[in-house]
Amino acid sequence: QNTALVLPAFSVAGPEETTALGRRLAAVLRPGDLVLLSGELGAGKTTLTRGLGEGLGVRGAVTSPTFVIARVHPPLGDGPALVHVDAYRLGGGLDAMEDLDLDVSLTDSVVVVEWGEGKVEELTEDRLLLRIDRATGGTATALDPAAGAADDADPRLVTITAYGARWQDDPAAGAALLGLRE
Ligand code: ADP
Ligand code: MG
C-alpha cells in the first residue's frame, strides 16, 4: 500500500554543510515536488531551505516564514519558483494551502514546508520527508564545557523518507537521493 523508501540516515557537520545539502537536493528536484521538513526549533530546516533556494537560483533571501506563513521566491532563470511554507500555525489540508492564496501554481514550483508533517500530505502522494535531528543527543549538557561553542555548529542527523511513485518507481530518482549524502 503506502510504502516508503527510507534512506539510511547521515550526518551533516554544521550549517554550511546543511546549506550544501540543500543545494544538492535542489539538483534532484523538479517542478511540482514537495519536501516536508521536520525537526525541532533550531534543527536547521530554514538553513537547509536556504541552500535549496541557492541551488534552484531564486530571488530573495530565504528566511524563516514563521510570521508570513508562506513566501514565494520567483526563479531568477527559467527554473521553478520556491514556495517556502512554515506550517506551524497552518491548519491541515489542501484548503489551508489554497487559503494562502499564493500567486504561483504549486505544480510549477518546488514546495518546501517546515512543520508540514500531518498537514500537507494530501497535496500529492509524491513527497520527500527530511527529518533533521540534533546528533549530539545527551552529550551537550550544561556540564559539558564545549556545549556553548558546539551550539554554533554541531552535527545534525538527516533522515530522508521518500513517498510515492515519483521517488520509488524510478531507480534513478532513488539513486539521486542516495547521492545526497556527501
Ligand atoms: P529551524 O528552521 O529548524 O528552526 P534554523 O535553520 O532557523 O532552524 O536554525 C538552525 C540554527 O542552528 C542556525 O542558527 C544554525 O547556524 C545552527 N546550526 C548549527 N549546526 C547546524 C547544522 N549542522 N545544520 C544546520 N544548522 C545548524
Ligand atoms: Mg525554520
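Can you find a residue in region 4-24 that is of a type in the set (F, W, Y) and modelled with pLDDT of 95 or more?
Yes, region 4-24 has at least one match.
Name the single residue that is surrounded by the fewest Cβ atoms within 10 Å (Cβ to Cβ) among those in region 37-51 being in a helix (DSSP H, G or I) and touching a strand residue (DSSP E or B) at 6+ places or on another chain (Cβ under 8 Å).
T46
Name every residue in region 8-22 that is part of a loop (DSSP other than H, G, I, E, B) and hydrophobic (A, V, I, L, M, F, W, C), in order of residue number.
Within region 8-22, A9, A13 qualify.
Would you mind telling me which numbered condition in (1) loosely packed, with under 15 Cβ neighbours inside 10 Å; (2) within 30 Å of A153 (Cβ to Cβ); (3) in contact with a strand residue (DSSP E or B) (Cβ under 8 Å, 6 or more places away or on another chain) A87 fails?
All conditions pass for A87, except number (1).
From the list L34, L21, which residue is more than 12 Å from ligand 1 (Cβ to nearest atom), within 19 Å of A173 (Cβ to Cβ) and surrounded by 21 or more Cβ atoms within 10 Å (Cβ to Cβ)?
L34
Is it the case, given these coordinates, that V58 is within 14 Å of the chain's Cα centre (by Cα), more than 14 Å from V85 (Cβ to Cβ) and away from ligand 2 (no atom under 16 Å from the Cβ)?
It is false that V58 is within 14 Å of the chain's Cα centre (by Cα), more than 14 Å from V85 (Cβ to Cβ) and away from ligand 2 (no atom under 16 Å from the Cβ).
Before we move on, is G53 touching a residue at least 24 places away in the same chain (Cβ under 8 Å), away from ligand 1 (no atom under 11 Å from the Cβ) and not acidic (D, E)?
yes
So that you can scan it fast, the table gives a plain yes or no per residue for (1) surrounded by 14 or more Cβ atoms within 10 Å (Cβ to Cβ); (2) without any contact (Cβ under 8 Å) to a residue 12 or more places away in the chain; (3) in a strand (DSSP E or B); (4) touching a Cys at 6+ places or on another chain (Cβ under 8 Å):
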| position | (1), (2), (3), (4) |
| --- | --- |
| G91 | no, no, no, no |
| E98 | no, yes, no, no |
| V110 | yes, no, yes, no |
| E117 | yes, no, no, no |
| I132 | yes, no, yes, no |
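The values are calculated or read from the model by the stated rules, or taken from the named source; none is laboratory data. No experiment lies behind these values; they were computed from the predicted model shown. As a convention, Cβ positions derive from the backbone with ideal geometry for all residues, glycine included, and neighbour counts pool all protein chains shown.
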